[in-house]
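What follows is one structure encoded as structure tokens, with my remarks underneath.
The values are calculated or read from the model by the stated rules, or taken from the named source; none is laboratory data. This is a predicted model, so every value here is computed, not measured. Here Cβ is always computed from backbone atoms with ideal geometry, including for glycine, and neighbour counts include all displayed protein chains.
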Amino acid sequence: MNEFIEVPKAKELLKGLAISPKNTQVTLSQALGRFTASPVLAPMNVPSFDNSGMDGYAFSWEDLGESRKLAQVVQAGANPDFNLEKGAAVRIFTGAPIPKGADTVVQQEWVDVVGDTVFFELAKLTQGMNVRKAGSQCQEGELILNSGTLITPGTIGLLASLGIEQVGVFDAPKVSVILTGDEILEIGQTLQPGQIYNANGPALMAYLSQLGIDKVEVLKVRDEKSEVSRVIGEALESSGIVLLTGGISVGDYDFVKGSLEENGVQQLFYKVKQKPGKPIFAGIKGEKLVFALPGNPASVLTCFIQYVKPCLLRLLGNPNAWTSPVYYPIAADFNKKAPLTFFLKAKLENNRAVVLPAQESFNLLSFGEADGILEIPEMQEHLEEGSLVAFYPW
């Protein structure tokens with residue numbers, strides 16, 4: 001396959017993959033933020049009984065007159081096993097079952113109680129008011145959630161109201177993150193000349209966690225060809241997604257591309273006409289996805305947002321994984337000469353996209369205030385203030 005493809009072409013190749021999300025059952029406490037893998041039907045009527053929507057007095061509309069004798073009290077959670085006598089009313093509370101023989105509830109603010117008699121004005125009332133009928137929310141067998149529905153706190157409340165303990169969702173894939181580079185040192189260790197701290201690992205772990213992916217293994221590999229090939233092979237055995245950082249360029253110690261080929265990974269594309277992050281590799285082995293990202297942290301996050309994140313969202317069942325970005329007016333004129341797509345660290349101010357300083361691929365300083373990344377298309381050399389630009393939030 002030709003090298004240096006355009007950004008839209010790279011995305012089209014990934015969109016066209018036959019990715020098959022996996023299904024699993026989880027408890028409600030584990031379901032937040034996941035997407036339903038199949039339609040959910042109501043296993044019961046809700047409410048399961050006629051109940052009062054107000055604190056007030058329940059009576060039969062067919063009885064004559066604007067007064068009723070107060071008979072009993074029915075609280076929420078009670079099980080009234082009596083028939084309401086003609087001309088009687090019961091004191092009732094919100095959520096309490098409507099006793100047999102009653103069909104209307106007048107709220108307590110609209111009555112006068114004198115001794116054991118309740119007085120009200122029929123002209124203000126309608127038959128059946130303030131009675132929540134059985135099945136008025138949903139009936140047994142009714143569709144309550146479509147496949148691909150995001151499970152929110154409200155969704156969990158709905159499922160719990162139906163007594164549903166578990167729900168089928170799209171399973172989060174297991175991800176292996178392979179960090180290359182002998183110069184990489186873990187936080188807490190003392191840097192020696194020529195060494196840098198590991199920023200890519202924590203950044204990717206944070207992003208994966210934000211997406212709800214918790215099955216992640218992080219592997220550090222030495223810059224030795226046999227070791228790189230071995231670790232890639234083990235990751236392909238254990239994970240559905242393999243992410244590598246560094247070692248994908250053409251230097252003497254860049255062994256990733258050759259090692260991927262040795263392990264039977266089929267190349268989708270290698271090198272994209274963009275800045276930062278030109279040396280990015282995407283490939284497949286069976287249904288497993290492999291992304292070899294550059295080593296510089298800004299390039300890693302740019303490539304993750306543009307290519308890896310949508311694929312992960314698709315595997316998580318998100319129907320909008322590849323939706324269009326949000327567009328904002330750019331806050332100032334912008335010029336570029338290189339025929340590349342630019343991805344720039346940016347923040348939003350007054351509903352405008354501000355290009356931040358420190359755009360070099362090694363420089364993370366702007367990430368301290370960036371809200372996301374904006375895109376300048378490959379063939380666009382000049383943007384005037386106020387021109388709309390695509391913006392990808394974190």
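Things worth noting here:
- Verdict on S48 being surrounded by fewer than 19 Cβ atoms within 10 Å (Cβ to Cβ), touching a strand residue (DSSP E or B) at 6+ places or on another chain (Cβ under 9 Å) and small (G, A, S): no
- Enumeration of residues in the range 81-128 that are within 13 Å of S52 (Cα to Cα) and in a loop (DSSP other than H, G, I, E, B): F93, T94, G95, A96, I98, P99, A102, D103, G128
- Only one of the listed residues (A71, A88) is over 30 Å from A321 (Cα atoms), in contact with a strand residue (DSSP E or B) (Cβ under 9 Å, 6 or more places away or on another chain), surrounded by 14 or more Cβ atoms within 10 Å (Cβ to Cβ) and at pLDDT below 95. That residue is A71.
- Looking across T104, T126, T117, T94, one residue alone is at pLDDT 95 or above, buried (at least 18 other Cβ atoms within 10 Å of the Cβ) and of a type in the set (S, T, N, Q). It is T104.
- Failed item, numbered, when F367 is tested on (1) modelled with pLDDT of 95 or more; (2) closer than 20 Å to G201 by Cα: (1)
- Selection within the range 359-389 - of a type in the set (A, V, I, L, M), in a loop (DSSP other than H, G, I, E, B) and touching a residue at least 40 places away in the same chain (Cβ under 8 Å): L364, M379
Every residue, every condition in (1) outside the structural domain of F291 (by TED's automatic domain parsing); (2) within 27 Å of A18 (Cα to Cα); (3) surrounded by fewer than 21 Cβ atoms within 10 Å (Cβ to Cβ), yes or no:
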position: N198; (1), (2), (3): no, no, yes
position: S209; (1), (2), (3): no, yes, yes
position: I232; (1), (2), (3): no, yes, no
position: L236; (1), (2), (3): no, yes, yes
position: V250; (1), (2), (3): no, no, yes
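- Yes/no for T24 being β-branched (V, I, T) and assigned to a loop (DSSP other than H, G, I, E, B): no
- Condition met for G181 (buried (at least 19 other Cβ atoms within 10 Å of the Cβ), assigned by TED's automatic domain parsing to the domain that holds S229 and out of contact with any Leu (no Cβ under 8 Å at 6 or more places or on another chain)): yes
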